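The values are calculated or read from the model by the stated rules, or taken from the named source; none is laboratory data. These numbers come from a predicted model, not from an experiment. Positions of Cβ are backbone-derived with ideal geometry, glycine not excepted, and every protein chain shown enters the neighbour counts. Surface areas here come from the heavy atoms of the whole protein model, side chains and all, with no ligands, DNA or RNA. Shrake-Rupley method; radii C 1.70, N 1.55, O 1.52, S 1.80 Å.
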Amino acid sequence: MSGSAPTIEVLRQHLIDPEICIRCNTCEETCPSHAITHDLRNYVVDADKCNFCNDCISPCPTGAIDSWRQVDKAKRYTLVEQLAWDSLPPQTEVDAGTPAEMPKEIARITSVATAGQGGVAFPPWSAAHPYVNIYSIQKPAIATVSGNFRLTAGDASSDIRHIVLDFGGTALPVLEGQTIGVQPPGLDPSGKPHHVRLYSVASPREGERPRYNNLSLTVKRVTEDHAGTPVVGVASNYLCDLKKGDQVKVVGPYGTTFLMPNHPGSSLLMVCTGTGSAPMRAMTERRRRRIALKEGGELMLFFGARLEGELPYFGPLMKLPNDFIDINFAFSRVPGQPKHYVQDRIRERSADVARLLADESCYVYICGLKGMEQGIDEAFRDACRENGKDWGAVLPNLRAQGRYHVETY
Ligand code: A2P
């Protein structure tokens, strides 16, 4: 027998738990080194690209991203292996050599947790405590459909629905701004159960109907992708076709930062398109039900849609008093009229927008098409400039104070 065994290099490999992951794409969008990719089934981490920055950890709604295995670096799990997993492999014994990546990685975790910048988002200081991850794919909550109403006009090109789910005796506490996951029944083309899709809750915390233990979702029937290519959205078509009395598997709730402030005098500046209106409806409805308390604060809404008939909740929004909410619609496809986007309306209202952005009691919420993010950022910049303020200084402040919340898809 000769000498000692060769020393191996131990890697603490970053992985994603396929059993908990709800495939919301947040990690892939967040990862600055493009280490995260996915196929139709799994989200996976490329060990050769992951630099342990941990930017992806806090935005993940389920915690699936926070999965690690100590492996022999030479035998790290490949992308092909990870894509085939239904669950994480067990931690196996690794003959400890030098854990080369560990100190660096741990140091980074500490710095992210304390930095309060970049990828780390905060809820408003007065937000209520959210419950998360109460129900999982293994143990979902079963809801019964108590309503499914079309929100868009009969002749509208999009079918957007208001779906009410009743949880009966099952507790599923949600706050405005949180999401739940829905698992469509059946199997995907590879013979495995469909993965979960996330939807923002459209009702306030006391429920669609107070004391009824229900909640509502705003769901658009997906018939084409962003490029206009025909596709059938598995979950959205399943949800839009649901009938009263049908049962639905629900997981979650998720979301710890896109939450509304609760202190009297706090204001909401909301910008949305299409079904991005769901959390705005939840927050507005929460405030509407408390009007009599005269808690103060302003509500300002910028809402974009192709046409009036395509805008979910158009009728109910029009009934809200002007002194309760300042509504600014942006319609992009009105025949004979120029295209208007939410960012155009923001510029038209630049004085009020700049005043609210600088107001420490105002909280900003953006939800809808990913494409609008840049346009809104530029419109906020212009609004600030016109009113003697510097967006470059205002934005980091908003973020650090938990006053800037973006959810786009
Ligand atoms: P458009 O008519 O150019 O598609 P949708 O109905 O597809 O959900 O879109 C909702 C609204 O958002 C539509 O008015 C759409 O306009 C608009 N929109 C599309 N792209 C952007 C963008 N980059 N910024 C702001 N609004 C946008």
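One quarter of the convex hull surface built on the alpha carbon atoms of the range 200-258 amounts to 5.5 nm², the projected area averaged over directions.
Shape analysis of the range 152-270 yields a ratio of the Cα radius of gyration to the Kirkwood radius, Rg/Rh, of 1.00. Taking only Cα atoms of the range 228-303, what ratio of Rg to Rh do you get with Rh as the Kirkwood inverse-distance radius? Rg/Rh: 1.08.
Note on the chain: with charges restricted to the Cβ of Lys and Arg (+1) and Asp and Glu (-1), its dipole about the Cα centre is near 1040 debye. Based on protein heavy atoms only, the range 112-209 ends up with 46 Å² per residue of surface accessible to a 1.4 Å probe. When the pairs Lys192/Lys243; Lys192/Lys220; Lys249/Lys370; Lys220/Lys370; Lys139/Lys243; Lys139/Lys192 are compared against a 19 Å limit on Cα-Cα distance, Lys192/Lys243; Lys192/Lys220; Lys249/Lys370; Lys139/Lys243 fall above it.
Solvent-accessible area per residue in the range 268-350 equals 46 Å², computed with a 1.4 angstrom probe and all protein chains kept.
Cα centroids of the range 265-331 and the range 172-192: 26 Å apart. Across the range 282-289, coupling constants 3J(HN,Hα) worked out from phi with the 6.51/-1.76/1.60 Karplus curve, θ = phi - 60°, read 4, 5, 5, 5, 4, 5, 4, 5 Hz, and Gly and Pro carry x.
The share of C-alpha pairs in the chain whose separation exceeds 41 Å stands at 19 percent. For the chain, the longest principal axis of the Cα atoms and the long axis of helix 372-386 meet at an angle of about 60 degrees.
Taking a ≥ b ≥ c as the square roots of the eigenvalues of the Cα gyration tensor, the range 251-409 is rounded, since a/c falls below 1.5. Could you work out how far helix 391-400 tilts from the main Cα principal axis of the chain, as a 0 to 90 degree angle to the nearest 10? Helix 391-400 sits at roughly 70 degrees to that axis. Taken as Cα centroids, the range 42-74 and the range 336-409 sit 32 Å apart, rounded to the nearest whole angstrom.
Relative to the longest principal axis of the Cα atoms of the chain, the long axis of helix 102-115 lies at roughly 20 degrees.
Normalised by the number of residues in the chain, the mean separation of alpha-carbon contacts (under 8 Å, six or more apart) gives a relative contact order of 15 percent. The GluC sites (Glu not before Pro) found in the range 310-400 that occupy coil by DSSP, while having at most 14 further C-beta atoms within 10 Å, are Glu360.
Extent of the range 41-98 along its three principal axes (Cα atoms, max minus min coordinate, largest first): 34, 25, 19 Å.
Each residue of the range 173-186 was assigned a 3J(HN,Hα) from its phi angle through the Karplus curve 6.51 cos²θ - 1.76 cosθ + 1.60 (θ = phi - 60°); the sequence is x, 10, 10, 4, x, 7, 10, 10, x, 10, 9, x, x, x Hz, with glycine and proline shown as x. In a DSSP loop and with at most 14 other Cβ atoms within 10 Å, the chymotrypsin sites (Phe, Trp or Tyr not before Pro) in the range 289-350 are Phe324. Applying a DSSP loop filter and a limit of 14 other Cβ atoms within 10 Å to the GluC sites (Glu not before Pro) in the range 261-305 leaves Glu295.
For the chain, which whole percent of the accessible surface, found with a 1.4 angstrom probe, sits on carbon and sulfur atoms? Here carbon and sulfur together make up 54 percent of the probe-accessible area. Give the residues of the range 270-299 whose amide nitrogen is closer than 20 Å to a point set 7 Å from the Cα of Thr408 in the direction of its Cβ. Counting only backbone N, you get 270-281.
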